[in-house]
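Participant: Submitted below is the structure of interest, expressed as structure tokens.
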Amino acid sequence: MIRDHFRVLIVDLSAGRSTITDIDGRNTVAGGSGLAALLFEKYGILDKPWNEPGQPLIFAIGPLTGYFPLMSKTVCAFKSPYHDQFAESHGGGRSALSLRFADYDALVITGKAKTPSALIVGSRRIEIKDVHYLWGTDLQFTGKALRQMFPGAGHRTILRIGPAGERQSPMACITADTYRHFGRLGGGAVMGSKNLKAIMIHGDSSFLLPEGKDYVTVFDKVYKDMTDTEMMSKYHNLGTPGNVRVMNDLKALPIRNLQATADPATEGISGERFAEVALLRNAACAGCPVGCIHIGFVRERFQEENRYLYRQISYDHELIFAVGSMLGVMDCFEVLKLIDVAEKMGLDVMSPGVALAWATEALAKGIITEKETLLPLAFGNSASYQAALQHMAYGTNEFYQLLSQSTAKAAERYGGGDFACVLGQEMAGYATGEAFFVSQALGFRHSHLDSGGYSYDQKPKGKNVEDAVKFLIKDEKGRVFLTSMVSCLFARGVYTDEVLGNCLKSVGYVALADSMDTVAEEIQRLRWKLRVMTGYSPENVSIPKRFTEITTWKGQIDSVFLSGLKEQYASAILSLAGTDTKKG
Ligand code: SF4
């Protein structure tokens, strides 16, 4: 049965206590992104640093989780170690359905455990367990150990961190069930700061599906659109790695620290090449009939025993770009080895890849030396990059400690800011043009998924600043509502406003269905308000020179359009936050 309020589990690690509380707001913030923002407004300490023990780590799901396919994401919210501001990161796997089956709309974790711990949560069980013996172990070992210690299957998720999270690197991710991640902006460091090695959520309860034929009719349509039409098949077939060739053909693929945007050698890491030689199988998040997760393999040799083992590693476009084209590594098995190292260390793959690309160019230019890098970093040298990723995770020396904070911080210390490929955070794998650069640089999550700037760049729309800003704001609003439903954004072609409205009504959220537009606006406003109140100044974001030096299929980047768009988008964000004249 649906509830009009949110049922939230709050765990205080310092006190070793938990409470379950009902919170109003279903018809104003819906769930997911909206609920996470509401909870951050309630429990976040806006003027204290991200690692203050009282700061909350929030996981929130949406009203349609468990009722419809691909409502499979969990929104994780926290004050980010990357910039000390309110942030969101989205992850899938079994996390969302496990929370639904445990009968919680959200989990809020505050405080700091006395010793390295695992938090175990279910509908009838909440436990904080000392796992100090797992501190320092990599994610592969931790995963195996946790599965043995807490056997179980079905709706159970294991969220865990590696050495990078323990060391509180802002590039540390939270890994969900091995192949999915709360990747960016340092959720892993927040867990590390709370002495939390792992969270296990047992979906050990059940819930009833709506009676009557409306729900079945709507479900059938959604399911058919996802499985019988072309709308989703591209994600299953080649998947996002298919973008490598597309972006390269458009001269929009960042290569060797964005010194180039196309190179025939990228064929060695195209989605087609991966599918031909390295793809083992597809996998899916719980509740998803599409299965976009592509899993490849590398062979590992055990010298002493003279035997080999296959290791399975998931890959997608962003990862191939970050440790492939960006590092000049053009062999798919070498890319998988690099992903594997980052995964074991609990590093988000994207930011370290882009950071190492900057370090490589900085070394070649003599801005830094091997005294700092400890390795002969050079484009294409996969072995050096594998070792460098470990240095970043463990913070071996001052240079790697700084680089694992952010590329911008390293460039601030050593120089080379002009060619640091940073758009709010390390760039995503699309060099499509001005709208994308501005949307990632200023966007809420500094993600390519905040709004469709990359698609705007690919449409013959001309260079009208006002038109581009309107597009970014409107597109963001639609996406914010989808992430408040916790829909996988790959399903945005299926979940149109009309379909979402029908879905909500069919399970009983009639008032929410009737006010979707107003609710979306409210959530968009609330998120920006909190972001600005925690220190964000979009007008101060800069876009490094490298982004103006490139050429795409449209020609040279237009610096005048870029800066006009940046200025007006910043002002639109402040206006949304309600702080366009004065912050606070
Ligand atoms: S399409 Fe991919 S990311 Fe989205 S829910 Fe399905 S498996 Fe997960």
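The values are calculated or read from the model by the stated rules, or taken from the named source; none is laboratory data. For clarity, every value in this text was computed on a predicted model and none was experimentally measured. As a convention, Cβ positions derive from the backbone with ideal geometry for all residues, glycine included, and neighbour counts pool all protein chains shown.
Participant: Considering only residues of region 288-330 that are more than 19 Å from the chain's Cα centre (by Cα) and on the phi > 0 side of the Ramachandran plot, which is modelled with the highest pLDDT?
Facilitator: Gly328
Residue by residue, here is whether (1) within 16 Å of the ligand (Cβ to nearest atom); (2) within 21 Å of the chain's Cα centre (by Cα); (3) crowded, with 22+ Cβ neighbours inside 10 Å holds:
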| position | (1), (2), (3) |
| --- | --- |
| Thr229 | yes, no, no |
| Asn243 | yes, yes, yes |
| Val246 | no, no, no |
| Ala252 | no, no, yes |
| Thr266 | no, no, yes |
| Ile269 | no, no, yes |
| Leu279 | yes, no, no |
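Participant: Which residue out of Ile339, Ile293 is within 24 Å of Leu185 (Cα to Cα), within 16 Å of the ligand (Cβ to nearest atom) and surrounded by 21 or more Cβ atoms within 10 Å (Cβ to Cβ)?
Facilitator: Ile293
Participant: Further question: Does any residue in region 325-336 that is without any contact (Cβ under 8 Å) to a residue 12 or more places away in the chain and closer than 18 Å to Tyr430 by Cβ come within less than 9 Å, Cβ to Cβ, of a residue that is among the basic types (Lys, Arg) and surrounded by 22 or more Cβ atoms within 10 Å (Cβ to Cβ) six or more places away or on a different chain, and which pairs are these?
Facilitator: none
Participant: I would also like to ask the following. Starting from region 390-402, keep only residues that are touching a residue at least 60 places away in the same chain (Cβ under 8 Å), then list their pairs with residues that are surrounded by fewer than 18 Cβ atoms within 10 Å (Cβ to Cβ) whose Cβ atoms are within a distance under 7 Å, requiring at least 6 positions of separation or different chains.
Facilitator: Short answer, once both residue conditions are applied: Gly395/Gln401.
Participant: Sort through Glu318, Glu300 and tell me the only one that's out of contact with any Pro (no Cβ under 7 Å at 6 or more places or on another chain), within 15 Å of the ligand (Cβ to nearest atom) and among the acidic types (Asp, Glu).
Facilitator: Exactly one residue qualifies, and that residue is Glu318.
Participant: Any residue at all in region 303-312 that's more than 25 Å from Phe436 (Cβ to Cβ) and within 16 Å of the ligand (Cβ to nearest atom)?
Facilitator: Within region 303-312 (the criterion being more than 25 Å from Phe436 (Cβ to Cβ) and within 16 Å of the ligand (Cβ to nearest atom)), the answer is yes, since at least one residue qualifies.
Participant: Then there's this: Looking at the structure I just gave you, is Ala357 more than 22 Å from Phe182 (Cα to Cα), of a type in the set (A, V, I, L, M, F, W, C) and more than 16 Å from the ligand (Cβ to nearest atom)?
Facilitator: Here the answer is yes, as Ala357 does meet what is asked.
Participant: What pairs come up if the first residue lies in region 227-242 and is more than 16 Å from Ile293 (Cβ to Cβ), the second is surrounded by 15 or more Cβ atoms within 10 Å (Cβ to Cβ), and their beta carbons are under 8 Å apart, counting only those six or more places apart or on different chains?
Facilitator: Between residues of region 227-242 that are more than 16 Å from Ile293 (Cβ to Cβ) and residues that are surrounded by 15 or more Cβ atoms within 10 Å (Cβ to Cβ), the close pairs are Thr227/Val290; Met231/Asp225; Met231/Val494.
Participant: Let me ask something else. Of all residues in region 101-121 being charged (D, E, K, R) and surrounded by fewer than 24 Cβ atoms within 10 Å (Cβ to Cβ), which is nearest to Glu52 (Cα to Cα)?
Facilitator: Of everything passing the filter in region 101-121, Lys112 is nearest to Glu52 (Cα to Cα).
Participant: Hey, could you check region 446-497 for residues that are surrounded by 21 or more Cβ atoms within 10 Å (Cβ to Cβ) and of a type in the set (S, T, N, Q) and say which is farthest from the ligand (Cβ to nearest atom)?
Facilitator: Ser451
Participant: Looking at this structure, is Asn257 in contact with a helix residue (DSSP H, G or I) (Cβ under 7 Å, 6 or more places away or on another chain) and either away from the ligand (no atom under 16 Å from the Cβ) or at pLDDT below 95 (or both)?
Facilitator: yes
Participant: Sticking with this one: Within region 387-404, take every residue that is surrounded by fewer than 24 Cβ atoms within 10 Å (Cβ to Cβ) and outside any helix (DSSP H, G or I) and give me the one that is nearest to the chain's Cα centre (by Cα).
Facilitator: By that ranking, first place goes to Gly395.
Participant: Could you pull out every one of the helices (runs of 4 or more DSSP H) wholly within region 465-584 that has 2 or more residues that are within 30 Å of Leu209 (Cβ to Cβ)?
Facilitator: Because the criterion is at least 2 residues that are within 30 Å of Leu209 (Cβ to Cβ), the helices (runs of 4 or more DSSP H) in region 465-584 that meet it are 465-484, 497-507, 510-514, 516-533.
Participant: So which residues in region 507-521 are closer than 15 Å to Arg479 by Cβ and surrounded by fewer than 21 Cβ atoms within 10 Å (Cβ to Cβ), if there are any at all?
Facilitator: Met516, Asp517, Glu521
Participant: Considering only region 532-545, I want to know if a residue exists there that is touching a Ser or Thr at 6+ places or on another chain (Cβ under 6 Å) and closer than 17 Å to Gly433 by Cβ.
Facilitator: Scanning region 532-545, I find no residue that is touching a Ser or Thr at 6+ places or on another chain (Cβ under 6 Å) and closer than 17 Å to Gly433 by Cβ, so the answer is no.
Participant: A further question on this structure: Do we find that Phe219 is away from the ligand (no atom under 15 Å from the Cβ) and surrounded by 14 or more Cβ atoms within 10 Å (Cβ to Cβ) in this structure?
Facilitator: yes
Participant: Taking region 468-516, which residues are of a type in the set (D, E, K, R) and touching a residue at least 24 places away in the same chain (Cβ under 8 Å)?
Facilitator: Within region 468-516, Asp475, Glu476, Lys477, Arg479, Lys505 meet the criteria.
Participant: Give the residues of region 104-114 that are assigned to a loop (DSSP other than H, G, I, E, B), under 18 Å from Ile201 (Cα atoms) and not aromatic (Phe, Trp, Tyr), sorted by residue number.
Facilitator: Asp105, Ala113 - these are the residues of region 104-114 that are assigned to a loop (DSSP other than H, G, I, E, B), under 18 Å from Ile201 (Cα atoms) and not aromatic (Phe, Trp, Tyr).
Participant: Under the condition of being among the hydrophobic types (A, V, I, L, M, F, W, C) and out of contact with any helix residue (DSSP H, G or I) (no Cβ under 7 Å at 6 or more places or on another chain), which residue from region 208-225 is farthest from Arg273 (Cα to Cα)?
Facilitator: So the residue we want is Leu208.
Participant: Regarding region 510-521, can at least one residue be identified that is in contact with a helix residue (DSSP H, G or I) (Cβ under 8 Å, 6 or more places away or on another chain), closer than 27 Å to Arg94 by Cβ and more than 16 Å from the ligand (Cβ to nearest atom)?
Facilitator: yes
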